[in-house]
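I have placed the structure first, in the form of structure tokens, so that the comments after it can refer back to it.
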Amino acid sequence: MGKRVSLFVTCMVDQLFPKVGMAMAGVLERLGYEIDFPEDQTCCGQPAFNSGYREEARAAARHFLKVFEACEQIVAPSGSCTSMVTHHFAELFHKEPETLARVHALEKRVWEFSSFLTEVAGVEDVGARFEEVVTFHDGCHALRELGIRSAPRRLLAKVRGLELREMVPAEECCGFGGTFSVKFAELSGAMARTKIEAIVKTGANTVVSLDPSCLMQIQGALSRAGSGIRTMHLAEVLASR
Amino acid sequence: MSGEFDQKIHQTLEDANLQLAIYTATGRLKERRIEVVASEALPDYQELRTQANALKKHAIENLDYYLEEFERNVTAHGGKVVYCKDATEVSDFVLSLAREKGSRLIVKSKSMTTEEVDLNERLEHHGLESVETDLGEYILQLAHEKPYHIVAPALHKTRYDVADIFEKNLHVPRETVVEKQTAIARAVLRQKFLEADIGISGANFLVADSGAVVIIENEGNARLTTTAPKIHIAVAGIEKVIPRAQDVATFLKLLARSATGQLLSVYASFLSGPRRPGEVDGPEEFYVVLVDNGRTKLLPDKAKRQSLYCIRCGACLNTCPVYRKIGGHSFPWVYSGPIGAIITPQFMGVSHEPGLPFASSLCGACGEVCPVKIDIPKVLLDLRSDVKKTETREKQNRLEKLAFKAFAWVVTHPRIYEFLGRVASSMAPSGNGGWIRSVPPPMNLAPVRAWLSQRDLPPPPSKSFREMWRRR
């Protein structure tokens, strides 16, 4: 009855934040999903694509297609990597009709974690308890490319003991931007510090987001500023009980 | 990326007063826009955007047809259309006309196109006096600066800066009250309007079916510029043409709201030709200078030519987290912000400033607020690819190219990917429970150092996800 789901954990979660992947798997298992982790997965290719290296991005995208093509539903703990697959893969193969058809067949089955929960699994209350004051940062690609705004907030609203305090503005970029964060490091850092000011003003002790990359930028800047505020992926919050 | 671009960004970020001025001014414009386009205030906002996009798309795809129709109608009303391919042709035309008529003084209303072709500088070089009459532009002309922002050119100047500029250049007592500063400028400019031989304006829209030049403004100076002197020259990019007079309504609803958060701008002038027999005012001669200056280069590419839809509202600047940090003068040309980042490389060539399309976190806020729905992030991505295709011999670039070749190989070889991941994390410092502040050689590569110049790095986990998954 289709209760099987494949994880695309993303290279960042695989290599740097494995707990996020474990938390995501835990939540999905609790909801009765049978979990599959295709071991040959690596990276969606976004770093190359965003840096102007289309040929290299195409190689990564082709690999992704090969690895995930047979999967029924694919869930990723990242709006940005999901959007790379669902919104940009097609662009890479506009001159290859056959590959393009495969991309279009796949992209409908790739989901960002929070929208998978609300739209596919059809749940808002996953039975989590997290007694903290939380603020939510909208990742730009989740928000503007995938149009995800309410799903994570609805999920957070059902977490027992959690108080959500919106930062103003929640939707302004944290300044990560992939290679932008090192190509224009000073500018990227300045953007992160502006984001942090908005976070601090809420009085929250935890920043939650859908993207490990935003969280790395925000936590990196919080840590540098000596702040005790911590960052958590939505999956980690939803896995708490 | 050139040193100059980086240097200007650095200087702007270091200047605390400037940071505050930019952030406050753009924040105000941004907030006002959000209020007036909210669904309660303008229920059909998204439909208007779709309509505006369709109109622009149609006009650009049929540019030759509408330019000819526009020209026919201007000519029928007694005006003259002049085509100029570049900056030199624009200034040559104005100079020869000024010589022929014995003109000496020119008044100008706001026009980004004339900024683009350095018209003032070129005219002054040939002994003509060309005076900007938009208050912000006038302040900047006195200060010998280019506009900081498409709509609010002097956005970075405080009233104290203006007081200094007026005192030094107009030899008036130092005045810091804004209303009084305006009165000072007005007194000077009124006299210029009365004495000027030629008025040069820009154009917001060129209406093909009526041959009208439409100018939107708040100060009334464009109305004076275009009607008081005997000669009016409107300078406009060829992409400003729209099919029908009724189409203006769609754009009017969007332009002021997107630009300044006004429901309508104060003045909307429809100028179609010189004074007719029996009319009491208006110029005796009416010229429309249509400027290419690189625009036609954009036409063959379906994705990129949408850059020509821009109506110069500046909304993308106000909402852009990058513009709000680095301001207008960091940008390598007169157009700043997201729209500047996509049209500069296309008008001037990508090598003009190869770093420009990369100076974006690709957050997409610009595309979201664009009233004509230009997909700015998409064009930025295409330009990034263009930069990489055209620049292969630079040293830094070779290293990066090699790195991405390696990336492509590693991510298509899962065992190698896993192995390298394990090596990297075994070599990284542990962080002693916290995040990492510094990394010793050989892991302190340039990107790592750049990251650490601003932020800490996460400590490497003891196992990757795939290792954890296998062992669970």
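The values are calculated or read from the model by the stated rules, or taken from the named source; none is laboratory data. Please read all numbers here as calculations on a predicted model, not as lab measurements. Cβ sites come from the backbone with ideal geometry, for glycine too, and all protein chains shown count toward neighbours. Just so you know, the surface numbers come from the protein's heavy atoms only, side chains and all, with ligands and any DNA or RNA stripped out. Shrake-Rupley method; radii C 1.70, N 1.55, O 1.52, S 1.80 Å.
Identification of helices (runs of 4 or more DSSP H) wholly contained in the range B:338-444 with 1 or more residues that are basic (Lys, Arg) and facing chain A (nearest Cβ under 7 Å) yields B:376-390, B:395-411. Any residue at all in the range A:39-57 that is touching a Pro at 6+ places or on another chain (Cβ under 6 Å), hydrophobic (A, V, I, L, M, F, W, C) and outside the structural domain of A:ARG144 (by TED's automatic domain parsing)? No, the range A:39-57 contains no residue that is touching a Pro at 6+ places or on another chain (Cβ under 6 Å), hydrophobic (A, V, I, L, M, F, W, C) and outside the structural domain of A:ARG144 (by TED's automatic domain parsing). Taken over the range B:388-417, the residue count meeting the criterion of being touching a residue at least 12 places away in the same chain (Cβ under 8 Å) and surrounded by 17 or more Cβ atoms within 10 Å (Cβ to Cβ) is 2.
Just to be sure I understand, how many residues within the range A:16-63 are assigned to a helix (DSSP H, G or I), at the interface with chain B (Cβ under 9 Å from one of its Cβ atoms) and not aliphatic (A, V, I, L, M)?
Of the residues in the range A:16-63, the ones assigned to a helix (DSSP H, G or I) are A:18-30, A:46-50, A:54-63.
Subsequent filtering for residues that are at the interface with chain B (Cβ under 9 Å from one of its Cβ atoms) retains A:18-22, A:25, A:47-50, A:54-60, A:62-63.
Right, trim to not aliphatic (A, V, I, L, M) and you get A:18-19, A:21, A:47, A:49-50, A:54-56, A:58, A:62-63.
Matching residues across the range A:16-63 total 12.
Looking only at the range B:311-329, count how many residues are touching a Leu at 6+ places or on another chain (Cβ under 9 Å), part of a loop (DSSP other than H, G, I, E, B) and within 14 Å of another protein chain (Cβ to nearest Cβ). The number of residues fulfilling the criteria is 2. So for the range B:77-95 (the condition being crowded, with 17+ Cβ neighbours inside 10 Å and within 22 Å of B:THR250 (Cβ to Cβ)), does at least one residue qualify? No - not one qualifying residue is present in the range B:77-95.
Quick one: which of B:LEU55, B:LEU42, B:LEU48, B:LEU29 is in contact with a strand residue (DSSP E or B) (Cβ under 9 Å, 6 or more places away or on another chain) and either away from every other protein chain (no Cβ under 14 Å) or of a type outside the set (D, E, K, R) (or both)?
Step by step, each of B:LEU55, B:LEU42, B:LEU48, B:LEU29 is checked, and only B:LEU55 is in contact with a strand residue (DSSP E or B) (Cβ under 9 Å, 6 or more places away or on another chain) and either away from every other protein chain (no Cβ under 14 Å) or of a type outside the set (D, E, K, R) (or both).
Among residues of the range B:285-302 being of a type in the set (Asp, Glu) and either closer than 29 Å to B:ALA228 by Cα or open to solvent by less than 10 Å² (accessible area, probe 1.4 Å) (or both), the one that is farthest from the chain's Cα centre (by Cα) is B:GLU285.
Somewhere in the range A:89-105, is a residue hydrophobic (A, V, I, L, M, F, W, C), within 26 Å of B:GLU467 (Cβ to Cβ) and not assigned by TED's automatic domain parsing to the domain that holds A:PHE180? Scanning the range A:89-105, I find no residue that is hydrophobic (A, V, I, L, M, F, W, C), within 26 Å of B:GLU467 (Cβ to Cβ) and not assigned by TED's automatic domain parsing to the domain that holds A:PHE180, so the answer is no.
Select from the range A:86-100 the residues that are buried (at least 17 other Cβ atoms within 10 Å of the Cβ) and more than 10 Å from every other protein chain (Cβ to nearest Cβ) and write down the one among them that is nearest to A:SER115 (Cα to Cα). If you could, list the steps in order and put the result at the bottom.
In the first step, residues of the range A:86-100 are kept if they are buried (at least 17 other Cβ atoms within 10 Å of the Cβ); the result is A:86, A:88-89, A:91-93, A:99.
Restricting the remaining residues to those that are more than 10 Å from every other protein chain (Cβ to nearest Cβ) gives A:86, A:89, A:92-93, A:99.
On the way: A:THR86: 14, A:PHE89: 20, A:LEU92: 25, A:PHE93: 26, A:THR99: 26 Å.
Ranking the qualifying residues of the range A:86-100, first place goes to A:THR86.
For (1) at pLDDT 95 or above; (2) within 14 Å of chain B (Cβ to nearest Cβ); (3) crowded, with 19+ Cβ neighbours inside 10 Å; (4) closer than 19 Å to A:PHE64 by Cα, each residue gets a yes or a no:
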{"residue": "A:MET84", "(1), (2), (3), (4)": "yes, yes, yes, yes"}
{"residue": "A:GLU112", "(1), (2), (3), (4)": "yes, no, yes, yes"}
{"residue": "A:LEU117", "(1), (2), (3), (4)": "yes, no, yes, no"}
{"residue": "A:GLU131", "(1), (2), (3), (4)": "yes, no, no, no"}
{"residue": "A:GLU145", "(1), (2), (3), (4)": "yes, yes, yes, no"}
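From the list A:ASP138, A:ASP125, exactly one residue is charged (D, E, K, R) and open to solvent by less than 10 Å² (accessible area, probe 1.4 Å). Which is it?
Working: A:ASP125 fails: open to solvent by less than 10 Å² (accessible area, probe 1.4 Å).
From the options A:ASP138, A:ASP125, the qualifying one is A:ASP138.
Among the residues making up the range B:85-129, a single one is touching a Pro at 6+ places or on another chain (Cβ under 7 Å) and of a type outside the set (A, V, I, L, M, F, W, C): B:GLU115.
Among the candidates A:ARG160, A:ARG193, which residue alone is closer than 27 Å to B:LEU381 by Cβ, surrounded by fewer than 24 Cβ atoms within 10 Å (Cβ to Cβ), without any contact (Cβ under 8 Å) to a residue 60 or more places away in the chain and more than 7 Å from chain B (Cβ to nearest Cβ)?
Working: A:ARG160 fails: closer than 27 Å to B:LEU381 by Cβ.
Every option except A:ARG193 fails the conditions.
Has the range B:355-373 got at least one residue that is basic (Lys, Arg) and either in contact with an Asp or Glu (Cβ under 9 Å, 6 or more places away or on another chain) or assigned by TED's automatic domain parsing to the domain that holds B:LYS80 (or both)? No, the range B:355-373 contains no residue that is basic (Lys, Arg) and either in contact with an Asp or Glu (Cβ under 9 Å, 6 or more places away or on another chain) or assigned by TED's automatic domain parsing to the domain that holds B:LYS80 (or both). Within this structure, B:LYS463 passes the test of being more than 30 Å from A:HIS87 (Cα to Cα), among the basic types (Lys, Arg), within 8 Å of chain A (Cβ to nearest Cβ) and open to solvent by 20 Å² or more (accessible area, probe 1.4 Å).
Right, A:THR202: over 16 Å from B:GLY364 (Cα atoms) and under 18 Å from the mean Cα position of the chain (by Cα) or not? Here the answer is no, as A:THR202 does not meet what is asked.
When we screen B:VAL288, B:VAL248 for residues that are part of a strand (DSSP E or B), at pLDDT 95 or above and of a type in the set (Val, Ile, Thr), the only hit is B:VAL288.
One line per residue, one yes/no per condition, for (1) without any contact (Cβ under 8 Å) to a residue 60 or more places away in the chain; (2) under 19 Å from B:ALA54 (Cα atoms):
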residue: B:LEU356; (1), (2): no, no
residue: B:SER361; (1), (2): yes, no
residue: B:ILE374; (1), (2): no, yes
residue: B:VAL379; (1), (2): no, yes
residue: B:ASP386; (1), (2): yes, no
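Considering (1) within 14 Å of another protein chain (Cβ to nearest Cβ); (2) within 19 Å of the chain's Cα centre (by Cα); (3) hydrophobic (A, V, I, L, M, F, W, C), the lone condition that B:ILE34 does not fulfil carries the number (2).
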